[in-house]
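Participant: Pasting a structure here, questions to come.
The values are calculated or read from the model by the stated rules, or taken from the named source; none is laboratory data. Treat the numbers as computed from the prediction; the structure is a model and nothing was measured. Because the Cβ atoms are built from the backbone with ideal geometry, glycine has one as well, and the counts that use them run over all protein chains shown. Just so you know, the surface numbers come from the protein's heavy atoms only, side chains and all, with ligands and any DNA or RNA stripped out. Shrake-Rupley method; radii C 1.70, N 1.55, O 1.52, S 1.80 Å.
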Amino acid sequence: MYEKVLKKLEFDKVRELLAARAASSLGKERCRMLEPQTDRWLIERLQEETEEALTMLSRKGAPPFGPLRDIRPVLKRTSVEGVLSMGELLMISDTLRSIRSVQYYGRQEESEAPARPMLDPLFAGLSSFPDIQREIERCILSEEEMDDHASEALASIRRQIAAAEQRVRSELNQMIHSASYKGALQDPVVALRGGRYCLPVKAEFRASIKGLVHDQSGSGSTVFVEPMVVVQLNNKVSELQLEEKAEIERILRMLSGRVSAVQNELVTDIELMTQLDFIFAKAKLALDQDAVRPRFSDDRRIDLPAARHPLIDRAQVVPIHVMLGGDFTTLVITGPNTGGKTVTLKTLGLLTLMGQAGLFIPASSRSCLTVVDQVFADIGDEQSIEQSLSTFSSHMVNIVEILQKMTGQSLVLFDELGAGTDPVEGAALANAILENLRERRILTAATTHYSELKVYALSTEGVENASCEFDVETLKPTYRLLIGVPGKSNAFAIASRLGLSEQVIEKAGEYLESNDIKFEEMMTDLEIRRLQTEKEQQRVEELRKEVSRLEEETRSRQAALEKKQETILREAREEAREILRKAKQEADETISQMNKAIRDGAKVDMRKLEESRARLRKGASEMEKDMEAAADKRRAAVDPSRLVKGALVRLATIDADCIILEPPDARGNMKVQAGILQMRVRAADVAAILTDDGKKPLPATKAKEKNEDRGVRAGSFGKSLGIATEVDVRGMNTEEALSAVDKYLDDAYLAGLEKVTIIHGKGTGVLRKEVQNFLRRRPQIKSYRLGTYGEGENGVTIVELKK
């Protein structure tokens, strides 16, 4: 794409919006290099990148890029055996920490079922080298300080330095507190000059203390003398300091060597991190602009419903619906000045560029673009004083260049085509240019005030009028784009509203030709009819919404009635079962009493006992027949071929909805699941097959959702599906902890969880050992392991449950 066109359409400002959302300087630089592409396959990949990043952004928040800096120049120095400074090594350590954080962020969780074909390879390509990072952080405290324990030699040297310095200070403190030198000292302190410990001596007493003069004050009244008694001690300190410096140099060389060994991988890391920062900047921009991924058509068609210019404040911008291609390849946009014609052109061009650059566009989710090889635009005042070109000449130079370079796959945008010269000649020239483009079927949009072009659009196949709406009453544009309706300049109406006398306006009307008057009258009539049609459509839409609301309300009431009826029936059946249970219990007790009396040798009225037993059996039998008859009524003749895996059915025996796990076998038995309960039942017990459309069985996932809607879920069988994925037993004794773990694992298993976490803490390891011994004996445990980095390490045990 030509950079001049990108600037005219303000694509450079979109780049800056993108750069503002990048986390690093490298990412910002990459954003400013964004270019629209012309390869359809590459564009779709760039769009897929943005979509994957937006999904991750919505689920996990922004990636922790941290202090990502360009360490490539530093790495280049290590390739020639350069020794890095402590500050440079810390910068590499910070970068490695950021890389590891982004690695952890990009790790695919089990709950994230969809693959990320674009982003996963980028995350997988990162290498964080935690051992190098830890070694740098262990050795270096700050840009100026090496840790004492960076090496044993350094620790020993620094201990010796501290001891030697202490001896020097001890000797000098004795001199400070000696009466012999009290009058000779300017201050009773030990000073450090040139790395040597000295005493501040009055200048006039210089000869009273033997030693070396290292400095004097600005006034000359004080000299800093190193007494001879500490010269050897100071020499020892200096020697040790040289050893310290050499040891630090050795450690820095060692660390630099480790970095040099992986410099190629680190360069790759920086490039991948920059690319990820750039991709997530695209996602952040899409999120901030409420933008969507556009579809790309194969039939050279652009359709942008609810399109917004991305650089105009969302609170102020008016969405437009602009179309091009399909039935027409040329769009002629007319209307008053400041009505939004130029903004429409820029919106069309800029959204095309954004889509081909892999950016989401601020428009409706139904938006459609087509891939173009170039976007050409003649927009704005092209007057050039340096080249002695008038506005018209400058426009014409630009138009000539466009006509020479465009192809059948280009998008051409003209603002005020043919303006800046004689209106008759300008209109004729504009007409000829548009006709040339139409014949070549090049996608073209042009703004104009010429009535001749409106007539051309009305009378020519493949050319369509459009107008920017203007409210004459308020003298303000509405910025709405109306496809298929030619616009009016409304010059007379505006002049009248601004106070121009009617006499002058009438006189102006006399100068119009009759054809012009008829055309304007036709335009006015079209506008009136359009407004009436819009009002009628609005009324129809309101009525449609009201009908939809009433239908929904009726469905809700019907569902509530059915639910209430079902509840009443279920309660009645439960009550009947309870009565039956009690009757059977009473019968069993009667028989038990009879048998006991017989065993004890008591006199039993066998006739009465037999009558009582017969009466109870008869009542129980009648009740069972009634319940079985009720179940038979609920049974229905169903097509066995529709009893497939995943279908949702209603069982007559338990009056509940179940999902078929295994279809009927040769004996007519099948396996079903109701909530978390699995059982084998007869196919003949099916009361109904519940489907969406009465034809196809529901998929298993959808059947499960419908089952839950009807109240058949794990909770109805005594366990809650809302159980947490971890249990914390820290602070409990062994008995309390094992009891809590036992109950939690039962709940988790019944709730269908596959993986849970037991938090027992690190401590002495006793509780961890007891928990794992307990897990070894549990039959529902598939496997268990200690946590890894980021999961809690030795402080947690990750348990995988059997399905």
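Participant: Take the residues in segment 283-331 that are in contact with a Gly (Cβ under 6 Å, 6 or more places away or on another chain) and in a strand (DSSP E or B); name whichever of them is most open to solvent (accessible area, probe 1.4 Å).
Facilitator: Across segment 283-331, the extreme among qualifying residues is F328.
Participant: Just for segment 402-434: of the residues that are assigned to a helix (DSSP H, G or I) and without any contact (Cβ under 8 Å) to a residue 24 or more places away in the chain, which one is least open to solvent (accessible area, probe 1.4 Å)?
Facilitator: The residue in question is A430.
Participant: Cβ-Cβ under 7 Å, sequence separation 6+ or interchain: first residue in segment 90-104 and more than 17 Å from E271 (Cβ to Cβ) and hydroxyl-bearing (S, T, Y), partner open to solvent by 10 Å² or more (accessible area, probe 1.4 Å) and in a helix (DSSP H, G or I). Which pairs?
Facilitator: S93/E137
Participant: Let me ask you something else. For segment 751-764, what are the residues that are out of contact with any helix residue (DSSP H, G or I) (no Cβ under 8 Å at 6 or more places or on another chain) and part of a loop (DSSP other than H, G, I, E, B)?
Facilitator: L753, E754, G763, T764
Participant: Looking at segment 177-198 only, could you name the residues that are surrounded by 17 or more Cβ atoms within 10 Å (Cβ to Cβ) and either out of contact with any Phe, Trp or Tyr (no Cβ under 7 Å at 6 or more places or on another chain) or touching a residue at least 60 places away in the same chain (Cβ under 8 Å) (or both)?
Facilitator: If the condition is that a residue be surrounded by 17 or more Cβ atoms within 10 Å (Cβ to Cβ) and either out of contact with any Phe, Trp or Tyr (no Cβ under 7 Å at 6 or more places or on another chain) or touching a residue at least 60 places away in the same chain (Cβ under 8 Å) (or both), then Y181, L185, Q186, R196, Y197 are the ones that fit.
Participant: Return the residues of segment 458-510 that are on the phi > 0 side of the Ramachandran plot, open to solvent by less than 80 Å² (accessible area, probe 1.4 Å), modelled with pLDDT of 70 or more and touching a strand residue (DSSP E or B) at 6+ places or on another chain (Cβ under 9 Å); say none if nothing qualifies.
Facilitator: G462, G484
Participant: Restricting to segment 258-282, count the residues that are buried (at least 23 other Cβ atoms within 10 Å of the Cβ) and within 18 Å of the chain's Cα centre (by Cα).
Facilitator: Qualifying residue count, segment 258-282: 8.
Participant: Return the residue satisfying two criteria in turn: it lies in segment 332-378 and is open to solvent by less than 10 Å² (accessible area, probe 1.4 Å), outside any loop (DSSP other than H, G, I, E, B) and among the polar types (S, T, N, Q), and of such residues it is farthest from E16 (Cα to Cα).
Facilitator: T334
Table: residues versus (1) surrounded by 14 or more Cβ atoms within 10 Å (Cβ to Cβ); (2) assigned to a helix (DSSP H, G or I).
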{"site": "K7", "(1), (2)": "no, yes"}
{"site": "V14", "(1), (2)": "yes, yes"}
{"site": "L17", "(1), (2)": "yes, yes"}
{"site": "A22", "(1), (2)": "yes, no"}
{"site": "G27", "(1), (2)": "yes, yes"}
{"site": "R30", "(1), (2)": "yes, yes"}
{"site": "P36", "(1), (2)": "yes, no"}
{"site": "W41", "(1), (2)": "no, yes"}
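Participant: Which pairs turn up if I take residues in segment 305-327 that are farther than 24 Å from E16 by Cβ and look for partners that are open to solvent by less than 60 Å² (accessible area, probe 1.4 Å) and of a type in the set (K, R) with beta carbon separation below 7 Å, at least 6 apart in sequence or on another chain?
Facilitator: Within 7 Å, the pairs are G325/R300.
Participant: What's the number of the condition E204 fails, among (1) in contact (Cβ under 8 Å) with a residue 60 or more places away in the chain; (2) open to solvent by 20 Å² or more (accessible area, probe 1.4 Å); (3) assigned to a helix (DSSP H, G or I)?
Facilitator: (1)
Participant: When both residues are 6+ apart or on different chains and their Cβ atoms are under 7 Å apart, which pairs have a first residue that lies in segment 64-81 and is farther than 26 Å from F278 by Cβ, and a second that is open to solvent by less than 60 Å² (accessible area, probe 1.4 Å) and of a type in the set (G, A, S)?
Facilitator: If the second residue must be open to solvent by less than 60 Å² (accessible area, probe 1.4 Å) and of a type in the set (G, A, S), the pairs left are T78/S256; T78/S260; S79/S260.
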